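Encoded as structure tokens, the structure appears first; notes follow it.
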Amino acid sequence: MPSVLAAPAGLSSARKGAGLFPRRALPPWLLLVPAFVSLGSVSVYPIVNGLWLSLTNTSLVTQEHDFVGLANYALLWDDPTFWNAWRHTLIFTLVSTLAETLIGLAMALLLYEPFSGRAVVRAAMLVPWAMPTVVTSKMFGWLFDGQHGLVNYLLLQVGLIDANVNWYGSVDNALGTIIFADVWKTTPFMALLLLAGLHTIPASLVEAARMDGGKAFAIFWYVRLPLLLPTLLIAGLFRALDAFRVFDLVYVLTGGGPADSTETLSTLSYKIFFSTLQFGYGSAISTAMFVTEAIIAVGFGLFVMRQMRRAG
């Protein structure tokens, strides 16, 4: 009796869609909504809110919160304190990233070769990087103290200096001391990244080059370096973006002084936000910092892609 057993077409369709979550009422993209909401609340909303605040004169001192357009950016353009911090941030980023990349590459090449105790040396190499930055800042503050620091004592003993040097209390030496501290702390991290990149290079290529009579430098220059270049550039990009946001090392060691000689954009925006309570102007500084970092990221990213395409 086929006419009795067969269910109506409309009833069959309704049964297929019945259930706790009907299929047609819940498209797949709806499952991504929680991820988009979470990402937007922690990433997009702070940026949008910061942009809006930069267009106002919001201040907790004067209790003002009016739309002023681009007035904060016009004030920023004529502010020598901002340009001084901007220049220091770029110098710190360029010098520290370059030094950490080159020294990290040398350390990675050394630790790649087999020798007795290599595992212990690799583990010990990470100690500076694992230390909290505040601890590193205080340690370098004691080591480079202008009166009783260990560095001055050792340099005097070997005859490299005739008198104590005011390392981070002098306008001429403070930024260099901070860069040295950052290089000491972060170079092991770069070395670790590059060491991982070296392990991805097939050992057969190096062995073939040695069988052809290639010397150590030639093997490095023509075999290892081209294959390591993508890792090298990406590690440099990450390090440059991180160095541009330097804050704790400068804030603890010098506080931006002496005479603003180590002031960076992060420390300057912190002071504007939490010392003068000018949220509108502070947001303009943060926006300028964000734009500068975005330009660095895009420029470096395009350079990395170009080099990787050239390398094939």
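Taking every protein chain into account, the 1.4 Å probe leaves S275 with about 90 Å² of accessible area, to the nearest ten.
Counting every C-alpha pair in region 105-211, the share spaced more than 18 angstrom apart comes to 62%. For the residues V42, V183, V127, a 1.4 Å probe over the protein chains yields an accessible-area ranking, largest first, of V42, V127, V183.
Could you tally the net charge around A216, taking each other residue with its Cβ under 12 Å from the Cβ of A216, Lys/Arg +1 and Asp/Glu -1? Present the calculation step by step, with values, prior to reporting the outcome.
On the way: positive: R210, K215, R224; negative: E113.
Local net charge: +2.
Computed over neighbours whose Cβ is under 15 Å from that of F92, the net charge equals -3, Lys and Arg +1, Asp and Glu -1. Using a probe of 1.4 Å on the protein chains alone, the accessible area found for S43 is around 50 Å². Counting only protein heavy atoms and a 1.4 Å probe, the chain has 60 square angstrom of accessible area per residue.
Placing +1 on the Cβ of every Lys and Arg and -1 on the Cβ of every Asp and Glu, with no other charges, gives the chain a dipole of roughly 1740 debye about its Cα centre. For H65, the solvent-accessible surface with a 1.4 Å probe is about 110 Å², rounded to the nearest 10.
When the helices in the chain are scored as -39500 (n - 2.57) per DSSP H run of 4 or longer and the sum is shared across all residues, what 222 nm value do you end up with, to the nearest 500 deg cm²/dmol?
Values: 17 runs with 210 residues, N = 312.
-21000 deg cm²/dmol, from helical runs alone.
Distance distribution note for region 243-312: the fraction of Cα pairs above 16 angstrom is 59%.
Annotation for Y73 and W221: the two label points, set 7 Å from Cα along the Cα-Cβ direction, are 4.8 nm apart.
Can you compute the FRET efficiency between Q307 and K138 using 1/(1 + (r/R0)^6), with r the Cβ-Cβ distance and R0 = 51 Å? Round to the nearest 0.05. Let's see the in-between values first.
Values: r = 40 Å, r/R0 = 0.78.
Using R0 = 51 Å, I get an efficiency of 0.80.
Shown here: region 226-266, whose C-alpha atoms stretch 45, 15, 14 Å along the first, second and third principal axes, sorted largest to smallest.
Ratio of Rg to Rh for region 168-312, alpha carbon only, Kirkwood? It would help to have the intermediate numbers written out before the result.
Working: Rg = 20.6 Å, Rh = 18.2 Å.
That ratio is 1.13, to two decimals.
Ordered from highest to lowest accessible area with the whole protein assembly present and a 1.4 Å probe, W83, W167, W52 read as W52, W83, W167.
Let me know the charge dipole size of region 91-176 about its Cα centre in debye, to the nearest 20, where only the beta-carbon of Lys, Arg (+1) and Asp, Glu (-1) is charged. Present the calculation step by step, with values, prior to reporting the outcome.
Details: 3 positive and 5 negative charges, 65 e Å.
Once rounded to the nearest 20, the dipole reads 320 debye.
Extension gain for the segment L277 to L241, taken as residue separation times 0.36 nm less the Cα-Cα distance, is 10.3 nm to one decimal.
Multiplying the residue separation of L150 and S43 by 0.36 nm and removing their Cα-Cα distance gives an extension gain of 34.1 nm.
Within the P(r) computed for the chain, what percentage of the Cα pairs occupies the region above 34 Å? Tail fraction, whole percent: 47. Largest accessible area first, the residues W184, W29 order themselves as W29, W184 under a 1.4 Å probe with ligands, DNA and RNA left out. A straight Cα-to-Cα reach below 17 Å connects K215 with the aspartates and glutamates E113, E207, residues fewer than 8 places away in its own chain not being considered.
The values are calculated or read from the model by the stated rules, or taken from the named source; none is laboratory data. Every value quoted in this text rests on a predicted model; they were computed, and no experiment measured them. Note that we place each Cβ from the backbone using ideal geometry, even for glycine, and neighbour counts take in every protein chain shown. Side chains included, ligands, DNA and RNA excluded: accessible areas come from the protein's heavy atoms. Shrake-Rupley method; radii C 1.70, N 1.55, O 1.52, S 1.80 Å.
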